[in-house]
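Working notes, beginning with the structure itself.
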Amino acid sequence: MLNVNRNENIEILSYSEVKEVEGYVGNYKVKVEMKPRFVTDDCNGCSACAEVCPIYVPNFFDENLGARKAIDIAFGQAVPFLYDINRNACVECFSCIDACELNAIDFSQLPKEVNLDVGSIIIATGWDMYEPFGEYGYGEFDNVITQVQLERMLAPNGPLEGHVRRISDEKKPEEIVFIQCVGSRVKERTYCSGVCCMLGLKNAKLLKEEFPDASITICYIDIRVNEKGFEEYYQRAKDTDIRMIRGKVGEISEDPETKNINLRVYSSLTDEIIKIDADLVILSSAALPSKGTNEIAKVLNLDTNIYG
């Protein structure tokens, strides 16, 4: 992204939304709304404003595992590297104005309209992660988290600086369980998300490296490793003593004292119920069409289906 930002032939309109498109191939007129950051392009990312801001809010980039200031930057590698103000949380103490030597704070900013003449349009919708609230204790039990939350724990620039700990007591987990296909391959979403198997295997291997003595189990419906090198990666993961159980979790509960997670898993290969007392449970959630997919489809008059 840095290379894109440095390319003089590419203009990035970040924090913007396409509002209207007219015309035909080779001659489109596009109306874009640039949302206000309340910080001008003069900002050099010095962080003086954030240091004096008294308001903390959940850090959405860290999946709410940490906190950030009401004036902050989205994440360390953001492009452009500009701070912005969360006006819903800001109490307008204006400490940031006093701290900014470049006078880059501007509370009077309004949305800005930009009109573009373009020849072609490429739509890159991305996708969102399914939030499994109410499933497998997520949102109820402290030590049930998602793969994305685990990713932020594992990240060196994350809230735990790359070290995974239990949410309830910050202890190192000793019994870890991955539950695959959460929200996918069900009646509402029959499709395979395509990335969860390899993501689970990758993170299980990383946890095994950090906690060599930990017991790690992956509960799956099917392991789908259908790209080049994936089967070999799967075999290497199994060679690290990661236990694979082909079956679904039937029951899950929390010990109110230890905050451990008790699971009962039916193994379809051995036709038995397996009980696991886990320290940490990680859910591999389904991929969903991004929230903006339907919106941009309406703007461009495109057909959609359940997949986007």
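The values are calculated or read from the model by the stated rules, or taken from the named source; none is laboratory data. These figures come from a predicted structure and were not determined experimentally. Methodologically, a virtual Cβ is constructed for each residue, glycine included, from the backbone with ideal geometry; neighbour enumeration extends over all protein chains shown.
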Assuming residue 69 fulfils every condition listed in (1) charged (D, E, K, R); (2) within 30 Å of residue 257 (Cα to Cα); (3) free of Cβ contacts under 8 Å to residues at least 40 places away in the same chain apart from one, which condition is it? (2)
Do the conditions hold for residue 178, that is, is it among the hydrophobic types (A, V, I, L, M, F, W, C), over 22 Å from residue 126 (Cβ atoms) and out of contact with any Ser or Thr (no Cβ under 9 Å at 6 or more places or on another chain)? no
Of the residues in the range 256-294, how many are in contact (Cβ under 8 Å) with a residue 12 or more places away in the chain and of a type in the set (Asp, Glu)? 2
Consider the range 32-56. How many of its residues are surrounded by 15 or more Cβ atoms within 10 Å (Cβ to Cβ), touching a strand residue (DSSP E or B) at 6+ places or on another chain (Cβ under 7 Å) and not aliphatic (A, V, I, L, M)? 5
Which numbered condition trips up residue 83, out of (1) buried (at least 18 other Cβ atoms within 10 Å of the Cβ); (2) touching a Leu at 6+ places or on another chain (Cβ under 8 Å)? (2)
For the range 263-308, give me every one of the strands (runs of 3 or more DSSP E) that falls completely inside it and has 2 or more residues that are closer than 16 Å to residue 250 by Cα and more than 23 Å from the chain's Cα centre (by Cα). 272-278
Test: residue 222 is among the charged types (D, E, K, R) and within 20 Å of residue 150 (Cβ to Cβ): no
Just one of the numbered conditions (1) more than 26 Å from the chain's Cα centre (by Cα); (2) surrounded by 13 or more Cβ atoms within 10 Å (Cβ to Cβ); (3) at pLDDT 95 or above is not true of residue 238; which one? (3)
Do we find that residue 91 is in a loop (DSSP other than H, G, I, E, B), among the aliphatic types (A, V, I, L, M) and at pLDDT below 95 in this structure? no
Applying the selection to the range 234-254, what residues are hydrophobic (A, V, I, L, M, F, W, C) and within 18 Å of residue 277 (Cβ to Cβ)? 242, 245, 249, 252
When residues of the range 218-262 are limited to those that are outside any strand (DSSP E or B) and among the hydroxyl-bearing types (Ser, Thr, Tyr), the one farthest from residue 197 (Cα to Cα): 258
Selection from the range 62-80 of residues that are assigned to a strand (DSSP E or B) and surrounded by 17 or more Cβ atoms within 10 Å (Cβ to Cβ): 68, 69, 71, 72
